[in-house]
Amino acid sequence: MSDAQAHAVGTGDTDPGRSAVPTTSSGPGPTSASAQVVVAATDLAATVADQVEAGGRFAGLVATARPDGATTLQALLVRAKDVAVISAALPPGAEHYPSLTPTVPAADWYEREVHDLFGIVADGHPGLDPLVLPLPHGTVRPRPGGPGGPGRVLHPDTAPLPAEVAGEGLFTIPYGPVRSGVFETIEYLVETFGEDIPSLRTRVHYKHRGIDCRFGALGLDDAVLLAERVEGTASVAHAAAFSCAIEQLAGVTVPRPAQLLRVAHAELERIVNHLDSMVRHCEGAGQAVANARLSTHKERLLQLRSRLCGHRFGRGVVVPGGVSGPPSWPVDTTLSDLERLERAVRSDVGALMVTPSFLDRLRKTGPLPPQVVAEHGAVGPVGRGSGLAADVRADRPANPYRTLGFEVAVARDGDALARQHVRVTEVRQSFHLVRQALDELGEELPALRARPGTSQHAAAGHGPGHEWWTPAVPGDGIAVGAVEAPQGELLYLVEVAGGRLARVKPRCASFHNLALFPAAFQGDIFTDFVFIEASFGLSPAGAAG
Amino acid sequence: MPWVTRGLSDGIVTTRYPRRPDGYGDGFRGAVRTVDPSGGDAEEAAAVAAVCPTGAIHVDRAGVRLDRGRCILCGRCVAERPDRFAFDPSPEVAGLTRASLVVGADGPGDASELAEARAALARRVRALRRSVHIRHVDAGSDGAAEWEVNALVNPLYDVHRLGIFFTASPRHADLLLVTGVGTAAMVEPLQRTFEAMPEPRVVLAAGTDATSGGLVHPTYATGGGVGDVLPVDVWVPGSPPSPFSLLHGILLGLGLLDDRRRAAGGTSSGGPR
Ligand code: SF4
């Protein structure tokens, strides 16, 4: 923590006017990694801009309604060793603050989301068009964090995206919300002069489920189950990020066997997600055999996960304080199944990566301009495919990844092929990590089994010091849980007040990266679309909230 | 090895389901069943019901009833009250009426209502071609359900062998498969898709979210499933619904399961590997 604080103070030094900003550490426990700064709403934009200048990465803007009608704005900044939360209060009735977007363009979508959910206007924002919840003017807003929420269904304005570009020879092509094929719902609007692309826009509101408000209605035990359903293809990551925040607030450390089991499940989740992305590439490229084989491997991995914990998506495994219990399948059998699968995946992926017709289709497709990626602070394989070496697994050492041996996979070209290269490397690493974790777990299991009370429920009442689970009772405060989901960095801002969840805000990579999607369209939109979408590998559910 | 040889190298991997039960039941949570559905005093009733995060468990003097249409398979009831609940490995959890998803005391709903629903559906689907086309619409899923629907065409399930295909056009669709909680914004698109489908048409609510809203409902943006928006014929619980559950539900909805299997309803098909 001391490094991080020095960093924050150093930032302030460049501007004596702001160095007076109180910097406090949430510091509730050994795993804590968030620092908090409070500023006036009028200073929020400048403070965030300073932090970005000093090397911080803007990672989101969250608003929270207070019981008295006030609103807190919270900017998330990922720094070298922590995630800083810069808060600013808006008094009851205040509906304006100076926009961050003109100085920090990555704030664009976040300010639109805040506007949708709170009706709060970022003055100076280039265009606060609806994104996640297009409510007719003057409608009551959900205001997550506040008491109760609207208590009735709010009917969004479902008019399609209006055309923005005008001119002769203009084609407007709406994709979605209902897609052709089995896809998640999302809305795209392509406006094009022939094959050029002046504009591609997207909105995710059709899937908006009001997750933020639902979190506010749940108790701690149920909230982790909801986290698993925010972005269902990354259930383990979501449960882990939420739990990570709770564990910080509780000041507890997860027992190592539980950490290892979490790693095994998280990495299996990464493998299936990356395989899913590859399958969709193969589909688009007409690689029928590779498609069939990789989707078979993906299915076998889902079955393996289901044997390991009873659920194909690993739901129910991660709970605040640890895991729900030991693996439900023998570790040695799992390891040998895994070895067979790993061999098959490696062989097929290897063959795919030397198939010229496949590589040609991805090369130079959906290239992201490096300065755009850097400025936006793209996360996950999208960022790493453009040379940004950010990966929570390497950046936050308070987890077992360091001891298991792990290197960040990076590629430089910024196109679909570079993102595929990152995934290929990560799949290999993830298999390795699962094996490492299960190996170590397998060695410890006999000893653990010999002890009584090795499950959460058996442990109820047994107190802390437990092998799979440690009671995690959060104290009041704010914490940011961070996990590297398959889609990229996943942050959970969790605020506990009076022992209750006052605010839970998942910051999904899918939301953050989707804003970059239009920037990737530089070639033939119709033939490139499927590859760009597959190579981003995002989940509309996570983006829509 | 060239791709074509690779394609042949594994031999047949496809399940024989539904002609034969599939062995992939190991440790699999198909559904929850009641072990002891007897009722209890008010205190016990409240304690048992309180275990469930989605209100799937209802207890009164008559006994314990568990609504699989609300169950998200979190396993809490099984862990905390093994005397009353257990996992059932069978993925055959679909039902033709909402009431038939309720298990426990009084059995699975009203038998005459179920028989009526089945007969009406059978009359309707008789006119369907031998091959069936499915239109999928996501009405606010968490994204996992789409994976499970997509899995149906992978070589392990390969529903093409059963004459089942997915189509991009509602005009060619016989069955509308809906995932997700039914968001307010998807009401119109859902209705439009349904209206564009030719008769006869079958509607399948895929997953606990689509059936009841699951754990996500209620919010200002969700309906409690899609039953209020569309005339649902088949309900397939699951969070997400597994590929076998979906396949069972599709076959049930199309009248393609023989009576013996239909009658089997929720009994186990998962044998040893
Ligand atoms: S498994 Fe189903 S019935 Fe049991 S507690 Fe969980 S949601 Fe409720």
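The values are calculated or read from the model by the stated rules, or taken from the named source; none is laboratory data. Everything numeric here is computed off the predicted structure, so don't read it as measured data. With ideal geometry, Cβ positions are generated from the backbone for all residues, glycine too; neighbour counts draw on all protein chains shown. The area values use the complete protein model at the heavy-atom level, side chains included, leaving out ligands, DNA and RNA. Shrake-Rupley method; radii C 1.70, N 1.55, O 1.52, S 1.80 Å.
When the range A:146-160 is filtered for residues that are facing chain B (nearest Cβ under 7 Å) and surrounded by fewer than 17 Cβ atoms within 10 Å (Cβ to Cβ), the ones remaining, listed by number, are A:Arg152, A:Val153, A:His155, A:Thr158. Of all the listed residues (B:Gly69, B:Gly30, B:Gly39), the sole one being modelled with pLDDT under 90 and surrounded by 20 or more Cβ atoms within 10 Å (Cβ to Cβ) is B:Gly30. Between A:Val272, A:Val289, the distinction of being open to solvent by less than 10 Å² (accessible area, probe 1.4 Å) and either out of contact with any Asp or Glu (no Cβ under 6 Å at 6 or more places or on another chain) or in a helix (DSSP H, G or I) (or both) belongs to A:Val272 only. For the range B:128-139, which positions are hydrophobic (A, V, I, L, M, F, W, C) and open to solvent by 10 Å² or more (accessible area, probe 1.4 Å)? B:Leu128 - this is the single residue of the range B:128-139 that is hydrophobic (A, V, I, L, M, F, W, C) and open to solvent by 10 Å² or more (accessible area, probe 1.4 Å).
Could you say whether any residue in the range A:229-252 is assigned to a loop (DSSP other than H, G, I, E, B), more than 20 Å from the chain's Cα centre (by Cα) and more than 10 Å from chain B (Cβ to nearest Cβ)? Yes, some residue in the range A:229-252 is assigned to a loop (DSSP other than H, G, I, E, B), more than 20 Å from the chain's Cα centre (by Cα) and more than 10 Å from chain B (Cβ to nearest Cβ).
Out of A:Val379, A:Val410, which single residue is of a type in the set (Val, Ile, Thr) and crowded, with 20+ Cβ neighbours inside 10 Å? Step through it out loud before you land on a result.
Numbers: A:Val410 fails: crowded, with 20+ Cβ neighbours inside 10 Å.
So the residue among A:Val379, A:Val410 that is of a type in the set (Val, Ile, Thr) and crowded, with 20+ Cβ neighbours inside 10 Å is A:Val379.
Only one entry in A:Ala509, A:Ala485, A:Ala479, A:Ala519 is hydrophobic (A, V, I, L, M, F, W, C) and modelled with pLDDT under 95, namely A:Ala519. Applying a threshold of 6 Å to beta carbon distances and a minimum spacing of six or more residues, or different chains, the list of pairs starting in the range A:472-494 at a residue that is more than 16 Å from A:Gly377 (Cα to Cα) and ending at one that is part of a strand (DSSP E or B) and among the polar types (S, T, N, Q) reads A:Ala479/A:Ser34; A:Val480/A:Ser34. Scanning the range B:140-157 for residues that are surrounded by fewer than 24 Cβ atoms within 10 Å (Cβ to Cβ), outside any helix (DSSP H, G or I) and within 7 Å of chain A (Cβ to nearest Cβ) yields B:Asn154, B:Pro155, B:Leu156.
Working carefully through the options B:Leu215, B:Leu254, B:Leu246, B:Leu177, find the one that is farther than 24 Å from A:Gly310 by Cβ, at pLDDT 95 or above, aliphatic (A, V, I, L, M) and crowded, with 23+ Cβ neighbours inside 10 Å.
Details: B:Leu215 fails: farther than 24 Å from A:Gly310 by Cβ; B:Leu254 fails: at pLDDT 95 or above; B:Leu246 fails: farther than 24 Å from A:Gly310 by Cβ.
Just one listed residue meets the conditions, B:Leu177.
Apart from one condition, A:Val318 fits all of (1) on the phi < 0 side of the Ramachandran plot; (2) out of contact with any Phe, Trp or Tyr (no Cβ under 9 Å at 6 or more places or on another chain); the exception is (2).
Contact map, the range B:55-70: first residue on the phi < 0 side of the Ramachandran plot and among the basic types (Lys, Arg), second residue assigned to a loop (DSSP other than H, G, I, E, B) and more than 10 Å from the ligand (Cβ to nearest atom), Cβ cut-off under 8 Å, separation 6 or more or different chains; pairs are B:Arg61/B:Gly39; B:Arg65/B:Pro37; B:Arg65/B:Ala105; B:Arg65/B:Asp106; B:Arg68/B:Val93. Scanning the range B:44-90 for residues that are within 8 Å of the ligand (Cβ to nearest atom) and of a type in the set (Ser, Thr, Tyr) yields one hit, B:Thr54.
Within the range A:202-228, the residues that satisfy the criterion of being over 16 Å from A:Pro150 (Cα atoms), among the charged types (D, E, K, R) and under 19 Å from the mean Cα position of the chain (by Cα) are A:Arg203, A:Lys207, A:Glu228.
For the range B:9-22, the criterion of being in a loop (DSSP other than H, G, I, E, B), under 28 Å from B:Asp233 (Cα atoms) and small (Gly, Ala, Ser) is met by none of the residues. Does A:Ala65 fit the bill of being more than 14 Å from chain B (Cβ to nearest Cβ) and not basic (Lys, Arg)? Answer is no for this residue.
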